[in-house]
Amino acid sequence: MIIMKSNATPQQVEAVIAQIKAMGLAVHLSQGVEATIIGAIGETHNIPVDRFEGLDGVDIVQRITQPYKLASRQFHSEDSVIPIDGFTVGGNDIIVIAGPCSVESRSQILETAHAVREAGANALRGGVFKPRTSPYAFQGLGEEGLEYLAEAREETGMPIVVEIMSETQLDLMLKYVDVFQVGARNMQNFNLLRALGETRKSILLKRGLSATIEELLMSAEYLLAGGNKQIMLCERGIRTFETTTRNTTDINAIPVLKNLTHLPVILDPSHATGHADYVAAIARAAIAAGADGLIIEVHPDPAHAVSDGKQSLKPEKFVEMVNQVKAIAEVMGRRVAPIQKPVTAGW
């Protein structure tokens, strides 16, 4: 990390960049109000810092000690704030993403979208390509489901968050999706991460079932290294010896991640618990721990959901949860992001 002097000229900045490229390293430029910071990204452990310290305009040269460079607070000390259609993630506002695990039909997704929007959700989630443990389970509606989600977006004004499983789905999904979700099983699908890193779409990156925090941040590094800065991290529970819940919620991960990285942190209490009865409690805990948002599974008829009905809230329970989260947010000096766009009378 090369911090330029406040009075460094553009020519001096370009000279440093040229030197970095001459060493076969990638360049990441961050120009702030007070200083310009240039990141030299790559295998730098054998390069002495004095190669840069003597260049005109250079103030400080520091090694970034973590293996994740662009995701580190050493490189980017301020919280990243990600703009998404109608709201931002990572600032003082807390965002709520809600919707069914799977898009099952047009009527189901439209009913759910209007219900969660009325309750205060900022974005709509819904799966159309589903990574299921069994090959015989419902695998999603594919493009038909994307069309239903696009209609729900048009009626409610909510951007849509959809899981992508493979880079082969990217061209199709780019036409529809506002935020790509990388699921737990694909956190280390490096080909997919590289492809998403080349887009400029927002990414919600979920922690793997048995992944460490460092491994999560290294996966985020793949996306950042591709030039995509629109990255959100998602804690969704990890696999432990405990069997009374689907996973074990790692509440520790929220303050740890907020300390290590500038990227926004979202919590998924639906997958973390696997039980609708526990979702609201863990959602409240997440906001108290400093999470920047929540992603919640909501279904109008959980008993007949084709996937994850057990952990899905009914709309009326979702309303209660949002009101509780608003109260916790106020205590923490924050707020749930208000709805910015009016709902149309399409349903």
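The numbers here are math on the coordinates, done by the rules we state, and not lab data. Quick caveat: nothing in here was measured; it's all calculated off a predicted structure. Cβ atoms come from the backbone with ideal geometry, glycine included; neighbour counts cover every protein chain shown.
General observations
- Here is the P(r) of segment 1-157: all C-alpha pair distances, binned every 10 Å from 0, give 9, 26, 18, 16, 19, 11, 1 in whole percents.
- Loop-located GluC sites (Glu not before Pro) in segment 1-70 (DSSP state other than H, G, I, E, B) with a sparse environment of at most 16 neighbouring Cβ atoms within 10 Å: GLU34, GLU43.
- Direction-averaged projected area, Cα convex hull, the chain: 18.4 nm², rounded to one decimal.
- Computed over the chain with a Gaussian network model linking Cα atoms closer than 10 Å, the most mobile of PRO100, PRO264, PRO255 is PRO255.
- Loop-located GluC sites (Glu not before Pro) in segment 61-163 (DSSP state other than H, G, I, E, B) with a sparse environment of at most 10 neighbouring Cβ atoms within 10 Å: GLU78.
- Loop-located GluC sites (Glu not before Pro) in segment 209-259, at most 12 other Cβ atoms within 10 Å (DSSP): GLU242
- The length gained by stretching the chain between SER77 and ASN92 to full extension, at 0.36 nm per residue less their Cα-Cα distance, is 3.8 nm.
- Selected from PRO264, ILE295, PHE318, residue furthest toward positive end of dipole (segment 223-347; charges at beta carbon): PRO264
- Theoretical FRET efficiency, 1/(1+(r/R0)^6), r = Cβ-Cβ of GLU320 and ALA35, R0 41 Å, to 0.05: 0.30
- Alpha carbon convex hull of segment 8-62, projected area averaged over orientations, nm²: 3.6 nm²
- For GLY227, the shell of other residues with beta-carbons less than 15 Å away shows a net charge of +3, using +1 for Lys and Arg and -1 for Asp and Glu.
- Listed residues PHE75, VAL103, PHE52: farthest to the positive end of the dipole of segment 31-145 (Cβ charges): VAL103
- At R0 = 22 Å, FRET efficiency that the Cβ-Cβ distance of ASP171 and ARG132 yields, to 0.05: 0.40
- Antiparallel DSSP beta bridges within the chain, as percent of all bridges there, nearest 5: 35 percent
- Computed [θ] at 222 nm, helices only, for the chain once each DSSP H run of length n ≥ 4 contributes -39500 (n - 2.57): -10000 deg cm²/dmol
- Sequence-separation-based contact order of segment 127-273, relative, with Cα cut under 8 Å and 6+ spacing, percent: 16 percent
- With Cα atoms defining each centre, segment 4-47 and segment 222-280 are spaced 33 Å apart in the structure.
- Considering every alpha-carbon pair of segment 122-164, the percent of pairs per 5 Å bin, from zero through the bin containing the longest distance, is 6, 25, 27, 20, 12, 7, 3.
- Note on the chain: with a GNM built from Cα contacts shorter than 10 Å, the maximum mean-square fluctuation among ARG132, ARG106, ARG236 falls on ARG132.
- Once both labels are positioned 7 Å from their Cα atoms along Cα-to-Cβ, the gap between ALA303 and PHE241 label points is 3.8 nm.
- Cα-based helix-to-principal-axis angle, 10-22 vs the chain, degrees rounded to 10: 80 degrees
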